[in-house]
Amino acid sequence: MSDGSSLKTSPSLLGRLRETPDDQSAWGEFVGRYQPRLLAWCQRWGLQDADAQDVCQNVMVRLAAKLRSLSYDPAQSFRGWLYTITRHAWSDFVAERQKRANVSDAAAALQTLQAREDLEARLKDVFDLELLEEATARIKRRIEEKTWEAFRRTAMLGESAADAAAQLSMPIASVFKAKSNVQKMLQEELQRLESPAPGT
């Protein structure tokens, strides 16, 4: 779900917030532009609406402090920086809730988080499709077509390594190796796309 207008970061808007942190008009514009994305992230990570709202408020507080020292570089990903801050706020919220509740499902919650962070789970989740498409395009330019196809068939389409190997006339071991190598490359590329800008 890609909305180009809402994903573009306005340097002038960030400049207004950095120079005048109490500019209510600028904050209103910022919240209107980014809060739906923050809420969607939190809900995707398993929070109910009320909890997602709490985390969003926490993110806004953190942003108010960090934006003063932010020097926006259009070449970097502001959305990735925002994603990182939101992820940290969500993680803190979950940790605090588990600490207060002292419930036995803490391990299950951690397992859910690990599953969410697994690349194969993310490949089936179109929420961050624009990031995945960009990472995919970069990786495909760097590897052989058959290597990508072996990964696509096994990791994205769910084919067995044996079936993929038969279709591509490759040894099964090569299919497993292609899947592992491309998965690692995609993970690294996604981390680069989502990483905060240097110095922030």
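The values are calculated or read from the model by the stated rules, or taken from the named source; none is laboratory data. Keep in mind the model is a prediction, meaning the values are calculated, not measured. Note: ideal-geometry Cβ built from the backbone for every residue, glycine included; neighbour counts use all protein chains shown. When the accessible area is computed, the model is the full protein with side chains, heavy atoms only, and any ligands, DNA or RNA have been set aside. Shrake-Rupley method; radii C 1.70, N 1.55, O 1.52, S 1.80 Å.
Residues to consider are GLY46, GLY32; find the one that is assigned to a loop (DSSP other than H, G, I, E, B) and at pLDDT 75 or above. Result: GLY46 is the single residue among GLY46, GLY32 that is assigned to a loop (DSSP other than H, G, I, E, B) and at pLDDT 75 or above.
When the stretch 25-39 is filtered for residues that are open to solvent by 20 Å² or more (accessible area, probe 1.4 Å) and of a type outside the set (Val, Ile, Thr), the ones remaining, listed by number, are SER25, TRP27, GLY28, GLU29, GLY32, ARG33, GLN35, PRO36, ARG37, LEU39. Being in contact with an Asp or Glu (Cβ under 9 Å, 6 or more places away or on another chain), in a helix (DSSP H, G or I) and buried (at least 18 other Cβ atoms within 10 Å of the Cβ): is that true of THR147 here? The answer is no for THR147. Answer yes or no: is there a residue in the stretch 170-185 that is free of Cβ contacts under 8 Å to residues at least 40 places away in the same chain, open to solvent by less than 40 Å² (accessible area, probe 1.4 Å), assigned to a loop (DSSP other than H, G, I, E, B) and in contact with a helix residue (DSSP H, G or I) (Cβ under 8 Å, 6 or more places away or on another chain). Yes, the stretch 170-185 has at least one match. All conditions in (1) part of a helix (DSSP H, G or I); (2) open to solvent by 50 Å² or more (accessible area, probe 1.4 Å); (3) at pLDDT 75 or above hold for ARG100, with the sole exception of (3).
Out of LYS66, LYS124, one residue alone is modelled with pLDDT of 55 or more, open to solvent by 50 Å² or more (accessible area, probe 1.4 Å) and over 12 Å from the mean Cα position of the chain (by Cα). It is LYS66. Looking across the stretch 157-166, the residues that are more than 12 Å from LYS177 (Cα to Cα) and out of contact with any Lys or Arg (no Cβ under 8 Å at 6 or more places or on another chain) come down to LEU157, GLY158, SER160, ALA162, ALA166.
Can you tell me which residue is modelled with the lowest pLDDT among those in the stretch 150-167 that are surrounded by fewer than 17 Cβ atoms within 10 Å (Cβ to Cβ), of a type in the set (A, V, I, L, M, F, W, C) and not in a loop (DSSP other than H, G, I, E, B)? Taking the candidates together, the pick is MET156.
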